[in-house]
Amino acid sequence: MPPPLPGSMDSMPKRHQYGFSTDSNTPTLPDANSPNTLSPTPYSPYSAMPLTPMSIGSEGNIMQTSSTPQNSAQSPPDLRRVSVQSLINDLPRKRSRPAGDEVGRGRQYPIADSAFTTYGYDLGLPDIDTPRNDDFSAIAIFSPQSNTMGFNDDTTYGSADPHGKDMAFESGGYYAKPVPIRISKSLEPLPSLLVENQMNLLYFHHFINHTARVLVNHDCERNPFREILPEMAVQDENIMNLLLAYSAAHRARMLNHPEPSNRIAVWVQDVFPKLREALNDDPNTVSDSTLAAVIMMASLEVISSGTFEVPVSWQSHLTMARQMIIQRGGPKGMGRHDRVAYFLSRWFAYLDVLGSLSGNKNDTPLGSFYWSSENASADEDFEIDCLMGFTTRCVGSLARVSELAKRCEPQRIDEEGNVREGWTPSPEIIEEAVELRHALEEGLLGRNIRKGCNHRSSTSSESEGAWDATEIYATNELFHWAGLIHLYRRVLGKPVMDHEVQQAVREIVGLLYKIRRGSTAEACLIFPMFAAGCDAQDEGQREKIIERLRSVEGFGLNHVPKISTLMKSVWDTGKPWESLVSGEFFG
């Protein structure tokens, strides 16, 4: 794994730390002795010490500004309040407009039609970070040429090919051509945070048009990260700030640029105080926006750890979100009748269940009974969810696997991190595991699986529809096979060379051929790839999985290299991954 780029989160010094105190009005977190609990927690009140962005001096050196009051003539500017123009006045010169500048030729941006407003183009240039970046000129203004992306080539969301490569500059990749910044008029009026800063607007569009695509297993016309979350963001400043931070971190990673840490610090500095305020205002009610912010912080911490000044793990964010959902009545109270609540329940379910399967020190997920589908219709029960990539019934099965694995772990793994020779589960565990195995195998048969995605655009070609269906079914099978590997190894205690374990490994490796390279599905298959990779004994199988993980690394997801490193450690040491894991997320 190459060393981090200068300025990336992995190489930047930690920013100024908060101090904390406790408050009885704040929702109670797990016991402080739990291995998964961080103390103190940012959801409790803390001393009023602002998170101050680092200043960049005239020599380009990074200087940590003091949080104590200073003479105003020496204090750095408050980046939340100064105008964009004042930030760029000290620049030696503005970046020149790209060739073909249309100013004075009649075309004026933004350009609006009945459905969208086009603001210009994103050329994939680096964000030099505040206060040095020329935010005023972040969006390129020029007329589409024959060798660039034309408006007629755009999809609803502005990308030339919704199923093309998600890499940055490869042939056919996202930034192989200038990306038109087109935003749906349904999101208007845009908040001043976007209207008054072109760089913010660029990041908002990047999230909708690109980051949102790698957060779902199947990117269709109803991708909630492209529809529902932006709608919430334009109405809620906390969610907007988190969305922009998410987008900036992802874009920098994807383009191999340093993260704009100063800019991100300004966006996230008020997130925890506002969450505490919302929780304290009405401790008996958890709004959609409050829950969304906590789930979003967990997701952001997974793909770009260290984004927040306060050192809070993704596990702790999920613990808080879990308590909020229980307070709201559990997932059953977040059904399809409420599109926002239903989206949040599915997003949380994916993080919660896969997170709980990512190590014995992580919390057990919401009880599998929360995810059971006894009251769901047959269509809902066997429908492959586009966000998660597997059926609603599979959610409950994976949650049950996690519960059983955590019950077995203390007896199965010894103090030195090795599997105890001759260990077998209790008869009660075996009985539950056999029942669970039948449920997972039934999901593999696909007799009742609902046929494909029903959100596909009518303009999609027949071949696109065929590929979509192939990937959807393959993704569902991959997660079922991965669940069986966890059940065989962690619950039933089968050895790595057991023929059923190796069959599951072969099935997963074979199904990868049905997943297009660069597709959104590939970005979300870390869980099955890791499950198969750890138990793969054939060098060809191992190389195939490592090669696909390298492909996913180009998506700008920071946690993927850690997964590859952990898997290689399993091969090198022969120890079970459960004794080597240290906070990785397998999803």
Practice problem: Considering each of GLY533, GLY556, GLY510 in turn, give the residue that is under 30 Å from ASN223 (Cα atoms) and outside any helix (DSSP H, G or I). | Solution: GLY556
Quiz item: Of all residues in region 120-141, which are without any contact (Cβ under 8 Å) to a residue 60 or more places away in the chain and either part of a strand (DSSP E or B) or closer than 22 Å to LYS177 by Cβ (or both)?
Solution: LEU123, LEU125, ALA140, ILE141
Exercise. Please tell me if ILE545 is in contact (Cβ under 8 Å) with a residue 40 or more places away in the chain, closer than 27 Å to GLY173 by Cβ, aliphatic (A, V, I, L, M) and crowded, with 18+ Cβ neighbours inside 10 Å.
Key: no
Exercise. Test each condition in (1) closer than 25 Å to ARG213 by Cα; (2) buried (at least 21 other Cβ atoms within 10 Å of the Cβ) for ARG550 and report the one that comes out false.
Key: (2)
Exercise. Take SER261 and decide whether it is among the hydroxyl-bearing types (Ser, Thr, Tyr) and either free of Cβ contacts under 8 Å to residues at least 60 places away in the same chain or surrounded by fewer than 22 Cβ atoms within 10 Å (Cβ to Cβ) (or both).
Key: no
Quiz prompt | Failed item, numbered, when PRO311 is tested on (1) crowded, with 22+ Cβ neighbours inside 10 Å; (2) assigned to a loop (DSSP other than H, G, I, E, B) | solution = (1)
Quiz item: With respect to the numbered conditions (1) without any contact (Cβ under 8 Å) to a residue 12 or more places away in the chain; (2) over 21 Å from TRP347 (Cα atoms), which one is the sole condition not fulfilled by GLU227?
Solution: (2)
Self-check item: Out of ARG490, ARG550, sole residue that is of a type in the set (Lys, Arg), out of contact with any strand residue (DSSP E or B) (no Cβ under 6 Å at 6 or more places or on another chain), touching a residue at least 60 places away in the same chain (Cβ under 8 Å) and part of a helix (DSSP H, G or I)
Solution: ARG490
Quiz item: Based on what the data block shows, is ARG516 within 22 Å of ILE472 (Cα to Cα) and surrounded by fewer than 18 Cβ atoms within 10 Å (Cβ to Cβ)?
Solution: yes
Practice problem: Take region 176-226 and flag every residue that is within 22 Å of VAL302 (Cα to Cα) and of a type in the set (D, E, K, R). | Solution: ARG213, ASP219, ARG226
Practice problem: Filter the helices (runs of 4 or more DSSP H) completely within region 333-403 down to those with at least 2 residues that are at pLDDT 90 or above. | Solution: 339-356
Quiz item: So, in region 233-252, of the ones that are of a type in the set (S, T, N, Q) and closer than 15 Å to LEU275 by Cα, which residue ends up nearest to the chain's Cα centre (by Cα)?
Solution: ASN241
Quiz item: Which is β-branched (Val, Ile, Thr) and part of a helix (DSSP H, G or I), of VAL286, VAL266?
Solution: VAL266
Quiz item: Do you know which residues across region 513-530 are closer than 24 Å to SER299 by Cα and in a helix (DSSP H, G or I)?
Solution: THR520, ALA521, GLU522, ALA523, ILE526, PHE527, PRO528, MET529, PHE530
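The values are calculated or read from the model by the stated rules, or taken from the named source; none is laboratory data. All values derive from a computational prediction rather than experimental measurement. Positions of Cβ are generated from backbone atoms using ideal geometry, with glycine treated the same way; all protein chains shown enter the neighbour counts.
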